[in-house]
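Working notes for the structure below.
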2 protein chains.
Amino acid sequence: MIAVLCGGVGAARMLAGLQAVVDPGEIVAVVNTGDDTELHGLYVSPDLDTITYTLAGAVNPATGWGLTDESFHALQALERYGAITWFRLGDSDLATHLYRTGRMRKGATLSVVTAEIARAWGLSVRLLPMSDDPVRTRLGLADQREVAFQEYFVKLRHSVVVAAVRFEGAAQARPAPGVLEALGSAQIIVVAPSNPIVSIGPILAVPGVAEVLRARRDMVVAVSPIVAGAALKGPAARLLVELGGEASAPGVARFLSSFVGTLVIDEADADRAAEVELAGVHCVVAPTVMGSPELAARLARAVLRAGGIGAGSSGSATTGPEA
Amino acid sequence: MIAVLCGGVGAARMLAGLQAVVDPGEIVAVVNTGDDTELHGLYVSPDLDTITYTLAGAVNPATGWGLTDESFHALQALERYGAITWFRLGDSDLATHLYRTGRMRKGATLSVVTAEIARAWGLSVRLLPMSDDPVRTRLGLADQREVAFQEYFVKLRHSVVVAAVRFEGAAQARPAPGVLEALGSAQIIVVAPSNPIVSIGPILAVPGVAEVLRARRDMVVAVSPIVAGAALKGPAARLLVELGGEASAPGVARFLSSFVGTLVIDEADADRAAEVELAGVHCVVAPTVMGSPELAARLARAVLRAGGIGAGSSGSATTGPEA
């Protein structure tokens, strides 16, 4: 079984790559819920939805999130009320939030509803929210304001200076059912190329998760979300710098080194491999940019090999031509 | 000031007629919320929305409720989840429920949100929910089941035999701010041609409302929703019979007689006027079927005259040609 720590778009593509090369029923995704928010009374879980839609082949390819062939009539009508419209809720996407909210208002946990939604989309990958308890990522800005993640990420388009990040509720949160079991028994734990601070960080903040990872560090393989000093998407690069690190493959290695045994870095960063090793993290160089499903599958194979799961080494893994 | 006790479609048309013949700022609608329901976590208030959309000229003319030029993409997407889809939520209509739910989750009362929504649609008529507290109409069926109003009305299409009606929560409900004041000071209190049992009944069940109406009975003018033994819309006729009354203008008069001084009945029922009077209710015969805005305005004038507000008798009333 393969466990994957996941944020949104990058993780969704990584999972799609894994799904293409191993039995999807052997994949357990542990997904960040620090981005979750209540919007117009609806429970919105952006990373879970991005992953679900991507694995179902229904994601909007232009954005990497939301549904393809989407309409925005409800959003347009919300303008009349002066309600928040910077969070782009599509009409069909709304159904997911409506269903989730209706079920949770009747007492279902996020885990249970997540499984129901995944089943409705025909997924075989097992999706677990990191916790059924509320954990909310909040960003302290350089101007002294503190804002919720979606306000930072969507409304402010992450173009403000961040001075601090905290995960509200994390100390009281329990890992969702199955999370510690999956991390404790996986043959390999993959840290997807998601933002290490605001996507992987909240998962690590759930009590018990970091401990398991540290104990199983040799089996943890991360993919650097930083390529040639930049993030492919989102604020990972600037957050690493703003919070005192470096926006580079070695910077990622130093950030994750306490619980990651191996870091897969992009070929563009091959000259930084020695620095990654200096941080105490085994370094593997591979093409990491998932510009197509084929490239995602190739990265998945490289990650599995880095974790010691190659051709024939796992009953469930199937291998193709070498990358 | 004119107060109007309101259900949904019939009341909305009556209000539109009144709005056309008097200063809309002088009209206060006290609206049934016994039909309100939570659907997919959203607070849905059908009668308030039907009235808002009708007075704004945005209602779907084919149905009398919902918005014109509506799409149903969210509803269609809900099918994937096996969620309730018999309650037809349109995409643009969803915005109203989203806005209301978001505001109420943040602590706003239904009254406050109702006023905000009315303002957003440019209404001058003042809309008051009968109560900010939950009152839920429940129907005991002849087969011993008890169902919520929307299940009876929409899902079962009101084609089941009803043995009892109760208004859950009514005993503990307080009238919404302004309701008793409006009823206590109005020059005329109009009971719209709404279902007397399940639209007007819940309003009367709110403590204090029936008392004010009884005390001001001479100023209360109702319009019969039964014309020639049938309801123009909905289950009013069969409910009157099932609950031991008669589906006729005199049947309506007997049902309302304790707090209605005058009943306007349709010309088709002119031969029943004496029976209405026998029930102790003054009877006025007029064309009551609001097949067009002009007919609604004509009925509004007849109702105002029946309440003693004719040409020149009210500063705010304007009159047109006699019906």
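I'm checking my understanding of the structure. Among residues of region B:111-131 that are free of Cβ contacts under 8 Å to residues at least 60 places away in the same chain and more than 15 Å from B:Ala182 (Cβ to Cβ), which one is surrounded by the fewest Cβ atoms within 10 Å (Cβ to Cβ)?
By that ranking, first place goes to B:Arg119.
Rundown of residues vs (1) more than 14 Å from chain B (Cβ to nearest Cβ); (2) under 15 Å from B:Tyr99 (Cα atoms); (3) open to solvent by 10 Å² or more (accessible area, probe 1.4 Å), yes/no style:
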residue	(1), (2), (3)
A:Leu55	yes, no, yes
A:Ala58	no, no, yes
A:Gly66	no, no, yes
A:Asp69	no, no, yes
A:Phe72	no, no, yes
A:Ala77	no, yes, yes
A:Gly82	no, yes, yes
A:Leu89	no, yes, no
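Out of (1) within 30 Å of A:Val220 (Cβ to Cβ); (2) at pLDDT 95 or above; (3) not aromatic (Phe, Trp, Tyr), the odd one out for A:Gly64 is which?
For A:Gly64, the failing item is (2).
Here is a list of conditions, (1) open to solvent by 20 Å² or more (accessible area, probe 1.4 Å); (2) over 17 Å from B:Val190 (Cα atoms), and B:Gln19 meets all of them except one; can you say which number that is?
Exception for B:Gln19: condition (2).
Test B:Val160 against the criterion of being surrounded by fewer than 23 Cβ atoms within 10 Å (Cβ to Cβ), among the aliphatic types (A, V, I, L, M) and in a loop (DSSP other than H, G, I, E, B), and give yes or no.
Against the criterion (surrounded by fewer than 23 Cβ atoms within 10 Å (Cβ to Cβ), among the aliphatic types (A, V, I, L, M) and in a loop (DSSP other than H, G, I, E, B)), B:Val160 qualifies.
For region B:290-308, state whether one or more residues are open to solvent by 30 Å² or more (accessible area, probe 1.4 Å), in contact with a Lys or Arg (Cβ under 7 Å, 6 or more places away or on another chain), modelled with pLDDT under 95 and of a type outside the set (Val, Ile, Thr).
Checking region B:290-308: not a single residue is open to solvent by 30 Å² or more (accessible area, probe 1.4 Å), in contact with a Lys or Arg (Cβ under 7 Å, 6 or more places away or on another chain), modelled with pLDDT under 95 and of a type outside the set (Val, Ile, Thr).
Is one or more of the residues making up region B:172-186 over 25 Å from B:Val220 (Cβ atoms) and open to solvent by 20 Å² or more (accessible area, probe 1.4 Å)?
yes
When the residues of region B:227-283 are narrowed to those that are over 19 Å from the mean Cα position of the chain (by Cα) and touching a residue at least 60 places away in the same chain (Cβ under 8 Å), which ends up least open to solvent (accessible area, probe 1.4 Å)?
Applying the filter and picking the extreme gives B:Glu242.
Being among the acidic types (Asp, Glu) and open to solvent by 40 Å² or more (accessible area, probe 1.4 Å): is that true of A:Asp49 here?
For A:Asp49, the condition - among the acidic types (Asp, Glu) and open to solvent by 40 Å² or more (accessible area, probe 1.4 Å) - is not met.
Return the total of residues in region B:22-45 being within 14 Å of chain A (Cβ to nearest Cβ) and closer than 12 Å to B:Gln150 by Cα.
So the answer is 5.
Kindly indicate whether A:Glu151 is among the acidic types (Asp, Glu) and within 14 Å of chain B (Cβ to nearest Cβ).
Taking the combined requirement at face value, the residue does not satisfy it.
Quick one: which strands (runs of 3 or more DSSP E) sit completely within region A:1-57 and have at least 1 residues that are touching a helix residue (DSSP H, G or I) at 6+ places or on another chain (Cβ under 9 Å) and closer than 21 Å to A:Arg298 by Cα?
Of the strands (runs of 3 or more DSSP E) lying wholly inside region A:1-57, those with at least 1 residues that are touching a helix residue (DSSP H, G or I) at 6+ places or on another chain (Cβ under 9 Å) and closer than 21 Å to A:Arg298 by Cα span A:2-6, A:27-31.
Hey, can you tell me all the residues within region B:91-110 that are more than 7 Å from chain A (Cβ to nearest Cβ) and either touching a residue at least 24 places away in the same chain (Cβ under 8 Å) or closer than 17 Å to B:Asp133 by Cβ (or both)?
Within region B:91-110, B:Asp93, B:Thr96, B:His97, B:Arg100, B:Arg103, B:Met104, B:Gly107, B:Ala108, B:Thr109, B:Leu110 meet the criteria.
The values are calculated or read from the model by the stated rules, or taken from the named source; none is laboratory data. The structure presented is a predicted model; accordingly, all values stated were derived computationally and were not measured. Neighbour counts are summed over all protein chains in view; Cβ atoms, including those assigned to glycine, are modelled from backbone coordinates with ideal geometry. SASA here: full protein model, heavy atoms, side chains in, ligands and nucleic acids out. Shrake-Rupley method; radii C 1.70, N 1.55, O 1.52, S 1.80 Å.
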